[in-house]
1. Look through ALA196, ALA186, ALA99, ALA170 and report the one residue that is surrounded by 19 or more Cβ atoms within 10 Å (Cβ to Cβ), of a type outside the set (S, T, N, Q) and over 20 Å from CYS47 (Cβ atoms).
2. Please find, among PHE198, PHE154, PHE210, the residue that is modelled with pLDDT of 95 or more and touching a Pro at 6+ places or on another chain (Cβ under 9 Å).
3. In the stretch 188-204, which residues are free of Cβ contacts under 8 Å to residues at least 24 places away in the same chain and part of a loop (DSSP other than H, G, I, E, B)?
4. From LEU185, LEU207, LEU212, grab the single residue that is part of a helix (DSSP H, G or I), over 30 Å from ARG8 (Cβ atoms), of a type outside the set (Phe, Trp, Tyr) and in contact with a helix residue (DSSP H, G or I) (Cβ under 7 Å, 6 or more places away or on another chain).
5. Which is touching a residue at least 40 places away in the same chain (Cβ under 8 Å), polar (S, T, N, Q) and farther than 19 Å from GLU116 by Cα, of SER25, SER52?
6. Could you look through the stretch 1-11, keep only residues that are modelled with pLDDT of 95 or more and out of contact with any Cys (no Cβ under 7 Å at 6 or more places or on another chain), and pick out the one that is nearest to MET142 (Cα to Cα)?
Amino acid sequence: MCPRSQFRILVPQKALDRAKTRLRSALSREARTELTLRMLRHTLEVCRELNSAGLMLSGPDELADLAREFEGELVLAGEAGMRRDIMEVGAAVGEADQALLIVSSDLPLVNVSDLEQVVAAWRKGHGVVLVPDRRERGTNVMLVDRPEVFPFAFGGALGQGSLETHLTQALGTDLSPVILKLPALALDLDLPADLAVFVREAPDHPLARFCLREAQEDFTFE
């Protein structure tokens with residue numbers, strides 16, 4: 001089956017002040033909110049550079065101005081949760097005969113080159129392209145050629161424990177899956193241990209410097 005000619009990008013995002021609660025031992029609530037916003041802005045900037053049929057940001061109404069700033073469309077999040085939001089977006093995108101690229105908003109090292117590798121794998125005929133997190137449990141990035149028929153497995157947070165389920169679901173369809181292990185896209189800032197890895201591996205990154213500056217006094221990056 002030949003891939004569709006166009007794809008749209010979806011970046012799901014929780015309310016800023018409720019994001020990254022599992023980093024509370026490392027960062028204050030204000031710092032977590034600011035870190036979430038900075039990562040989201042970086043993600044939207046990178047996604048805007050891709051040659052796609054459009055950029056969508058899924059989240060609360062507070063993100064409307066941000067979506068417009070990056071020439072994207074805000075898809076208001078519903079009360080049923082992120083998985084339902086993604087399923088509804090997938091149905092609409094598929095109806096428009098487009099594929100769907102989903103990019104997590106908490107990847108500090110996300111870059112155009114790696115996302116282009118994901119797109120290239122799709123254009124070669126892989127109907128489902130999966131990029132796992134560094135623990136190879138979650139799905140940090142995925143591109144689905146027929147999103148209207150794919151039962152996404154995202155839970156309360158994008159990519160948490162979904163990789164195996166997504167692979168199994170893809171194998172049960174005629175969408176040929178592939179897993180791409182891309183180190184920069186594998187690092188998400190979900191747990192304090194992830195924060196420590198990020199600071200160790202990219203100490204000069206602006207977001208790493210922010211985390212070092214804003215870290216709680218009793219938190220160590222060792």
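1. Values: ALA196 fails: surrounded by 19 or more Cβ atoms within 10 Å (Cβ to Cβ); ALA186 fails: over 20 Å from CYS47 (Cβ atoms); ALA99 fails: over 20 Å from CYS47 (Cβ atoms).
It is ALA170.
2. Details: PHE154 fails: modelled with pLDDT of 95 or more; PHE210 fails: touching a Pro at 6+ places or on another chain (Cβ under 9 Å).
Sole residue among the options that is modelled with pLDDT of 95 or more and touching a Pro at 6+ places or on another chain (Cβ under 9 Å): PHE198.
3. Here is the first cut: in the stretch 188-204, the ones free of Cβ contacts under 8 Å to residues at least 24 places away in the same chain are 193, 199-201, 203-204.
Within the stretch 188-204, PRO203, ASP204 meet the criteria.
4. Numbers: LEU185 fails: over 30 Å from ARG8 (Cβ atoms); LEU207 fails: over 30 Å from ARG8 (Cβ atoms).
Selected residue: LEU212, the only one of LEU185, LEU207, LEU212 that is part of a helix (DSSP H, G or I), over 30 Å from ARG8 (Cβ atoms), of a type outside the set (Phe, Trp, Tyr) and in contact with a helix residue (DSSP H, G or I) (Cβ under 7 Å, 6 or more places away or on another chain).
5. Details: SER52 fails: farther than 19 Å from GLU116 by Cα.
The unique qualifying residue is SER25.
6. Step one: of the stretch 1-11, the residues modelled with pLDDT of 95 or more are 6-11.
Those still in the list that are out of contact with any Cys (no Cβ under 7 Å at 6 or more places or on another chain) too: 6-8, 10.
Values: GLN6: 15, PHE7: 12, ARG8: 12, LEU10: 10 Å.
Residue satisfying both the conditions and the ranking: LEU10.
The values are calculated or read from the model by the stated rules, or taken from the named source; none is laboratory data. No experiment lies behind these values; they were computed from the predicted model shown. All Cβ positions, even for glycine, are placed from backbone atoms using ideal geometry, and neighbour counts span all protein chains on display.
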